[in-house]
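Notes for the one structure printed next.
Read-outs: derived from the displayed coordinates by stated rules, not from any lab. Only a predicted model underlies this, so the values are computations on that prediction, with no experimental measurement involved. Here the Cβ positions follow ideal geometry from the backbone for every residue, glycine too, while neighbour counts run over all protein chains shown.
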Amino acid sequence: MRYALISDIHGNLQALKAVLNALENHQVHQYLCLGDIVGYGANPEECVELVRSLTDKTVAGNHDYAAVGLTDISHFNPYAREAVLWTAKHLSEESKQYLRDLPLLLKAGPFTLVHSTPESPELWNYIFSPQDALAAFSYFEGSICFVAHSHRPMTFIQGPRGLQWDFSDQVQIHFGSRYIINPGSVGQPRDGDPRACFAIYDTEASEVRILRAKYDLPGAQAAIRAAGLPEILAERLQYGE
Ligand code: ZN
């Protein structure tokens with residue numbers, strides 16, 4: 001089986017389209033989405049519709065729940081808050097209901113999907129370090145948990161050599177080891193590489209590959225500016241921050 005992992009699309013339709021285009025050559029059997037379909041970008045409705053048409057294996061991100069009033073936005077920074085309010089106004093009732101119904105955590109086949117952490121998905125904590133990962137390993141069954149939220153592709157491995165931190169774009173899955181894998185962000189990467197980021201898990205090859213796709217970044221920026229969203233949301237895309 002070949003699974004495609006997409007996450008943190010954030011209403012960036014240009015990036016999502018480029019990723020789906022790139023995935024056409026990879027014979028994907030199933031798409032898995034780790035949340036934050038909306039928020040920040042100018043095309044939330046189109047992104048929700050597209051993800052819905054791709055897969056029923058999607059978990060909620062904090063921005064998805066924020067857009068439908070299911071999570072507190074008082075801790076959001078001002079421009080994120082402005083984007084949440086704008087997004088709420090630009091989603092159909094049907095898409096809002098879809099976002100409301102998304103689960104926080106999903107077991108899909110041999111792995112777990114969650115936007116933030118498996119121990120307390122509703123708190124929206126980040127897994128940035130091996131210490132964060134160490135706690136998380138006790139809270140899922142099976143060998144792989146896919147997470148998102150930080151917008152940075154990275155892998156934590158619990159194996160014979162203890163807990164390891166892996167930033168490579170190719171991770172070999174070994175029997176007996178356990179993995180927490182972040183496939184990066186489609187629509188707002190924050191690892192310094194502005195290209196859209198996503199991953200493929202090939203169970204036959206026992207490997208997860210992190211991939212990048214160039215997309216119409218000026219188009220996404222123009223859409224954000226035309227929507228009247230905060231300028232910083234357009235600007236940061238070009239730096240991958
Ligand atoms: Zn996000």
Problem set entry | Given charges at Cβ of Lys, Arg, Asp, Glu: the chain dipole, positive-most of Val28, Phe76, Tyr139 | Val28
Problem set entry | the chain: relative contact order in percent, alpha carbon pairs under 8 Å with at least 6 residues between | 23 percent
Exercise. Angle between the Cα long axis of helix 13-23 and the longest principal axis of the chain, 0 to 90 degrees, nearest 10?
Worked result: 30 degrees
Exercise. What length, rounded to one decimal in nm, is gained on full extension from Ser143 through to Ser177, with 0.36 nm per residue of separation minus their alpha-carbon distance?
Worked result: 11.6 nm
For this session: Once you've got the GNM for the chain with C-alpha springs shorter than 10 Å, pick whichever of Ser185, Ser143, Ser206 has the biggest mean-square fluctuation.
Result: Ser206
Exercise. What ranking, highest mean first, results for peptides 21-29, 221-229, 150-158 when packing means the other Cβ atoms within 10 Å averaged over each residue?
Worked result: 150-158, 221-229, 21-29
For this session: Could you tell me how many degrees, from 0 to 90 and to the nearest 10, lie between the Cα long axis of helix 44-54 and the main elongation axis, the longest principal axis, of the Cα atoms of the chain?
Result: 40 degrees
For this session: Calculate for the chain the 222 nm mean residue ellipticity that helices alone would give, adding -39,500 (n - 2.57) per DSSP H run of length 4 or more and normalising by residue count, nearest 500 deg cm²/dmol.
Result: -9000 deg cm²/dmol
Exercise. Could you name the aspartates and glutamates in cross-link range of Lys89, using Cα to Cα under 20 Å and dropping any fewer than eight places away on the same chain?
Worked result: Asp8, Asp36, Glu45, Glu46, Glu49, Asp64, Asp72, Asp101, Glu231
For this session: Show which lysines lie in cross-link reach of Lys96 when reach means a straight Cα distance below 26 angstrom and same-chain residues fewer than eight apart are skipped.
Result: Lys17, Lys57, Lys107
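Just round it to a whole percent: the fraction of Cα-Cα distances in the chain exceeding 29 Å.
When every Cα pair of the chain is considered, 22 percent fall beyond 29 Å.
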Exercise. Shape call for segment 32-154 from the C-alpha gyration tensor, a ≥ b ≥ c root eigenvalues: rounded (a/c under 1.5), prolate (a/b greater than b/c) or oblate?
Worked result: oblate
For this session: Under 1.5 on a/c is rounded, so check that first for segment 87-128, then, if it is not, pick prolate when a/b is larger than b/c and oblate when it is not; a ≥ b ≥ c are the square roots of the alpha carbon gyration tensor eigenvalues.
Result: oblate
For this session: Enter the angle in degrees (range 0 to 90, nearest 10) between the Cα long axis of helix 217-226 and the first principal axis of the Cα atoms of the chain, meaning the one along which they spread out most.
Result: 40 degrees
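Once you order the gyration tensor axes a ≥ b ≥ c over the Cα atoms, which shape class does segment 1-86 get: rounded for a/c under 1.5, otherwise prolate or oblate by comparing a/b with b/c?
prolate
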Problem set entry | Estimated dipole of the chain in Debye, rounded to 20 [Cβ of Lys and Arg +1, of Asp and Glu -1, Cα centre] | 240 debye
Exercise. Residue by residue, what Karplus-based ³J(HN,Hα) values in Hz, rounded to whole numbers, does segment 194-210 have, using 6.51, -1.76 and 1.60 with θ = phi - 60° and x for Gly and Pro?
Worked result: x, 5, 4, 10, 7, 9, 10, 10, 9, 6, 6, 7, 6, 9, 10, 10, 8
Exercise. If each of Trp165 and Glu122 carries a label point 7 Å out from its Cα toward its Cβ, how far apart are those two points in nm?
Worked result: 3.1 nm
Seminar exercise, completed: Taking Rh as the Kirkwood radius computed over alpha-carbon pairs of segment 95-184 and applying Stokes-Einstein at 10 °C with viscosity 1.306 mPa s, one gets a diffusion coefficient in µm² s⁻¹ of 118 µm²/s
